[in-house]
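Worksheet: the structure to be examined is printed underneath.
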Amino acid sequence: MAKDIWTFYYTLDRPSPLEAFSQINGLKVEVHRNSNQVVIGNVDASDMDEARKEALAAANQFLNTLSWKQGTSLKIEPETYSAYHVSPSGKKEQILKAAPVAVVTSVGELTAVKKDAAGNIVEVRDSQKPGRIDTKPSDAAAYYRRAHLTSDPFDSFRNLYLAVENIADRIRIKKTISKQRLKKMCGLQSYERSLLQIALHECFAKTQQSLVRTASKTYTIDTKKPIIPQLAEILYEGNRCQLNHAKALENKKIPFNPQDEKAVKTALCLMELVAKSLLAYEDNLLP
């Protein structure tokens, strides 16, 4: 049976530095190196609004994954697009709305060559052509990408923490731990901090070296004591709480205060490591 098939071309905020694609619910989503478009093909929908909704959702899922897996964060300009429609009868139609123009820039080649013991090349990898990217729906990945689409350190930290908090709660639910039981397990009054600690324990159960190494660059860590509670205090009380409170008599971090902004920027490296590690955990171990 013939169907309405759509292809959408959305404008990105900048040319993509890499070439990659993904299959999401039967749709092919792709970006091409040096192009400022994300292309969503094979959209099966009976009308324009439904097609746009499906295309935009798939594009964002793809770009969210691209952000944390490939370190490339791209923003869609949602009102700037073009579409190509093929009706069930085979009639072809192009729809333009401030049609995007592909932008080409010069991007250097980055390749990695792997050789065997005899010096023979056995593999060549181009970091700008990762090819197919496996994606899955993830609210946390959306927060992660948002964190990398802003230059404001406060907003970056908040969104990275939201990514962590989302996965932490998924871990709690999977383990069927109630909120009250979670606080008792951690010996804390704060449910939010308890949630962070259980996520850190779960994610870094096998090795905590990366956490210690990253935290020790900027914070004083007592290696004779458990590392997880110390890091939870830094990230939760030291930053998350202070970025979400403005009460006069409570500790807080204030925008445009150089000392506070420097402190948050310092915490971003640790927050980034935790967020990215938990995203990998979610991708591999959570349904």
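Summary table below
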item	result
Per residue, the convex hull volume that the Cα atoms of the chain enclose (Å³)	213 Å³
Residue pairs, from the table LYS225/LYS253; LYS3/LYS53; LYS28/LYS75; LYS69/LYS253; LYS136/LYS183; LYS225/LYS252, whose Cα atoms sit over 20 Å apart	LYS225/LYS253; LYS69/LYS253; LYS136/LYS183; LYS225/LYS252
Length released on extending from TYR84 to ASN257, taking residue separation times 0.36 nm less the Cα-Cα span	57.3 nm
Candidate aspartates and glutamates for bridging to LYS184, where Cα separation is under 15 Å - those fewer than 8 sequence places away on the same chain excluded	GLU192
Distance in nm between pseudo-label sites at GLU77 and ASN42 (7 Å out along the Cβ direction from Cα)	2.9 nm
Förster radius 22 Å - calculated FRET efficiency between ASN25 and LYS129 (Cβ-Cβ, nearest 0.05)	0.35
For peptides 202-214, 166-178, 11-23, sequence by mean Cβ density within 10 Å, most packed first	11-23, 166-178, 202-214
Extreme residue, positive dipole direction of the chain, given options GLN94, GLN37, THR207 (C-beta unit charges)	THR207
Hypothetical label at LYS92: residues of the range 1-34 whose amide nitrogen lies under 17 Å (7 Å Cα-Cβ projection)	3-9
DSSP-defined beta bridges in the chain - what % are antiparallel, rounded to 5	95 percent
Two-site label geometry, THR150 and MET185: point separation in nm, points 7 Å out along Cα→Cβ	3.0 nm
Estimated inter-spin distance, ASN284 and THR176, nm [label 7 Å along Cα→Cβ]	2.6 nm
Surrounding net charge for SER22, when Lys and Arg each add one and Asp and Glu each subtract one, Cβ distance under 11 Å	+2
Whole-Å distance, taken between Cα centres, linking the range 252-279 and the range 132-174	14 Å
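Values in this text are rule-based calculations from the coordinates and carry no lab data. No experiment lies behind these values; they were computed from the predicted model shown. Cβ: placed from backbone, ideal geometry, glycine included. Neighbour counts: every protein chain shown.
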